[in-house]
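The values are calculated or read from the model by the stated rules, or taken from the named source; none is laboratory data. Remember, predicted model here, so these are calculated numbers, not experimental data. Note that we place each Cβ from the backbone using ideal geometry, even for glycine, and neighbour counts take in every protein chain shown. Protein only, heavy atoms only, side chains kept; ligands, DNA and RNA dropped before computing areas. Shrake-Rupley method; radii C 1.70, N 1.55, O 1.52, S 1.80 Å.
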Amino acid sequence: MKFIKKTLIIFFLLTTYVKAQEVTTWLQSEVDNILNSYKNSSLSNLERFNIVEKTVNSNFAGAGIAKFVAGKAWASANEDLKKEYIKLFKKHLALNIASMMQGYADQSYNLIKTEIDESNQLILIDMEILDQNNSFVVTWRIKESKGRFFVIDLIVADISLVLTKRSEFNSMLKKVDYDLENFNISLKKQNELSFDKIIK
Amino acid sequence: MKIFLKKTIFTILFLFSFQLFSAETADNVTTYPNDFETSTFEDEVYDPLEPLNRVIFSFNNVLDKLILEPTAKGYRKLPSPLQSGISNFFGNLRMPLIIINQVLQGQGGNAIESTGRFVINSTIGLVGIVDVASRVGLEEKDEDFGQTLAAWGVGDGFYVVLPIFGPSNVRDAAGTFLTYTYDPINSFLIDQNQGWFIPYRITGNAIDYRSKIIDEVNALRNNSVDYYAAVRSSYYQNRKAAIRNEEDNVSAPAPIISIEFE
């Protein structure tokens with residue numbers, strides 16, 4: 001009996017360790033992919049944005065975040081509007097990440113802690129970003145599903161990107177009586193403005 | 001029996017190690033109705049003065065774009081050691097106020113640590129220019145009167161945007177007032193007829209702080225459908241984490257996105 005207990009504990013620790021290693025390697029590879037595009041001076045801003053957008057679309061749970069952020073406007077919208085909104089939101093997410101990257105000036109980073117939150121089925125990875133004078137921690141919230149990892153939130157200086165977007169969208173949605181059609185128009189306009197600023 | 005158990009467990013371990021149970025997936029998700037209950041995540045910050053706050057916010061935003069941001073960008077061009085020195089110097093001047101608030105919140109250990117920081121940095125650290133204390137393990141833990149009032153059970157009150165000072169709420173605005181009234185360094189300067197330094201201190205702090213968040217503010221400003229609401233939410237999240245005094249990944253509220261990949 002003792003043997004079984006010990007083996008199960010070892011099994012649990014081993015799978016946790018393997019998962020932590022796996023998710024860390026995955027995140028590092030995706031982050032490096034984006035950083036390399038910013039280090040490569042031969043790339044245009046548009047090419048960099050395309051890399052960011054592709055990486056975000058493949059690794060963020062864009063549709064899930066979009067639904068969460070839409071709050072109560074989601075329920076009353078029809079399928080076409082929802083699809084249009086998800087498409088716009090994914091672009092918006094990529095533009096936000098690309099915009100954060102615009103100040104990139106060879107900062108280095110270390111993945112300092114990986115924590116597996118079994119109760120919420122979440123993986124939390126702390127990334128310390130270092131520049132000449134400061135360092136700050138970005139926490140990645142990741143969910144695993146069927147052998148793949150998806151980012152569900154980014155926390156910078158205790159501020160959750162997803163919660164901020166939800167609050168911001170809620171404020172706008174309130175003005176249009178939670179009508180996703182009207183909101184999509186505003187989101188599209190904002191995306192166009194952000195895109196112009198990023199590729200200039 | 002033992003051999004059988006061993007074999008079974010090792011087989012399971014073997015299978016898991018090669019992830020034979022992994023499968024294809026897609027970024028299609030389903031969510032639960034509770035995800036859309038806005039009250040769950042306090043989307044609705046109590047903001048009865050929103051129309052007035054938005055006007056003040058716009059005014060502050062213009063001031064920031066015209067004065068503070070360009071100055072902060074210029075400051076960032078200074079040699080790195082000089083920036084660190086200025087930042088450390090102003091940071092060290094905040095320590096007496098931090099110590100008072102730590103005592104008021106019953107954080108005896110932190111107050112002793114902060115006192116050690118202040119003494120070491122003010123002496124060996126050349127009036128705070130060099131952060132020697134961090135190198136010997138005495139880390140800075142910020143506290144202010146707003147946090148103290150929160151620790152005493154004072155609620156947020158409603159959201160306000162203060163001219164020049166920016167986002168706040170009734171409790172934190174009172175805290176800001178107490179900070180400028182009871183800051184020991186300011187009192188000492190006035191007592192020594194050196195009050196002229198106080199505006200320079202406030203301005204220096206503001207430029208130093210703003211220089212550290214140039215990219216973050218720009219990202220938020222350039223990509224928000226409602227910049228005012230984004231700042232309001234960021235302010236509340238940041239303050240709640242500061243009041244809880246917890247580690248970054250613990251303090252941030254977890255968005256419970258109930259995802260099931262189809």
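Starting at the first residue of the range A:173-180, write each ³J(HN,Hα) from the Karplus equation 6.51 cos²θ - 1.76 cosθ + 1.60 with θ = phi - 60°, in whole Hz, x for Gly and Pro.
5, 4, 5, 10, 6, 6, 8, 5
Tell me the mean residue ellipticity at 222 nm calculated for chain A from its helices only (DSSP H runs of n ≥ 4, each -39500 (n - 2.57), averaged over every residue, nearest 500).
One gets -21000 deg cm²/dmol as the mean residue ellipticity at 222 nm.
What is the range B:55-167 by shape, rounded, prolate or oblate, if you read a ≥ b ≥ c off the alpha carbon gyration tensor as root eigenvalues and call it rounded for a/c under 1.5, prolate for a/b larger than b/c, and oblate otherwise?
Cα axes put the range B:55-167 in the oblate bin.
Exceeding 23 Å between C-alpha atoms, which entries from my cross-link table qualify? They are A:Lys39/A:Lys200; A:Lys72/A:Lys175; A:Lys54/B:Lys212; A:Lys54/B:Lys73; A:Lys87/A:Lys197. Intermediate values should be presented prior to the final figure.
Numbers: A:Lys39/A:Lys200 18 Å; A:Lys72/A:Lys175 13 Å; A:Lys54/B:Lys212 29 Å; A:Lys54/B:Lys73 31 Å; A:Lys87/A:Lys197 20 Å.
Table pairs above 23 Å Cα-Cα are A:Lys54/B:Lys212; A:Lys54/B:Lys73.
Using Cα-Cα distances under 8 Å and only pairs 6 or more residues apart, what relative contact order does the range A:2-199 have, in percent?
Values: 230 pairs, mean separation 44.3, N = 198.
Relative CO of the range A:2-199 lands at 22 percent.
Roughly speaking, what is the centre-to-centre gap between the range B:154-225 and the range A:118-181 when only Cα atoms are used, to the nearest Å?
Value for the Cα centre distance between the two parts: 27 Å.
In the range B:146-206, which chymotrypsin sites (Phe, Trp or Tyr not before Pro) fall in coil by DSSP and have 16 or fewer other Cβ atoms within 10 Å?
B:Trp152, B:Phe158, B:Phe165, B:Trp196
Enumerate the calculated ³J(HN,Hα) couplings along the range B:185-195 in order (Karplus 6.51 cos²θ - 1.76 cosθ + 1.60, θ = phi - 60°), each rounded to whole Hz, writing x wherever the residue is Gly or Pro.
Computed from phi, the couplings for the range B:185-195 are 5, 4, 4, 5, 4, 5, 4, 8, 6, 10, x Hz.
Hey, got the dipole for the range A:78-200? About the Cα centre, +1 on K and R Cβ, -1 on D and E Cβ, debye to the nearest 20?
Charge dipole, the range A:78-200, about its Cα centre: 440 debye, nearest 20.
Given a 1.4 angstrom probe, what's the average accessible area per residue across the range A:112-200, in square angstrom?
It amounts to 44 Å² per residue over the range A:112-200.
Return the long-range amide H neighbours of A:Lys72 (sequence gap of 5 or more, or a different chain), with a cut-off of under 5 Å between placed amide H atoms.
Result for A:Lys72 returns B:Thr38.
With a 1.4 Å probe, how much accessible area is buried between chains B and A, both sides summed, in Å² to the nearest hundred?
5500 Å²
Can you find, among A:Gln102, A:Leu163, A:Gly71, the residue sitting farthest towards the positive end of the charge dipole of the range A:2-199, where Lys and Arg contribute +1 and Asp and Glu -1 at Cβ?
The listed residue farthest towards the positive side: A:Gly71.
Quick one: pull the percent of accessible area on the range A:64-176 belonging to carbon and sulfur, 1.4 Å probe, ligands and nucleic acids left out.
48 percent
Please go through the range A:106-165 and write out the GluC sites (Glu not before Pro) that DSSP classes as loop and that have at most 15 other C-beta atoms within 10 Å. Show your work: numbers first, answer last.
Numbers: sites: A:Glu115, A:Glu118, A:Glu128, A:Glu144; in loops: A:Glu118.
Counting only loop positions with at most 15 other Cβ atoms within 10 Å, the GluC sites (Glu not before Pro) in the range A:106-165 are A:Glu118.
How high is the relative contact order of the range B:75-131, in percent, counting Cα pairs under 8 Å that sit 6 or more residues apart?
Working: 49 pairs, mean separation 23.9, N = 57.
Value for the range B:75-131: 42 percent.
Which net charge results for the neighbourhood of A:Gln121, defined as the other residues with beta-carbon distances under 9 angstrom from its beta-carbon, given Lys and Arg at +1 and Asp and Glu at -1?
-2
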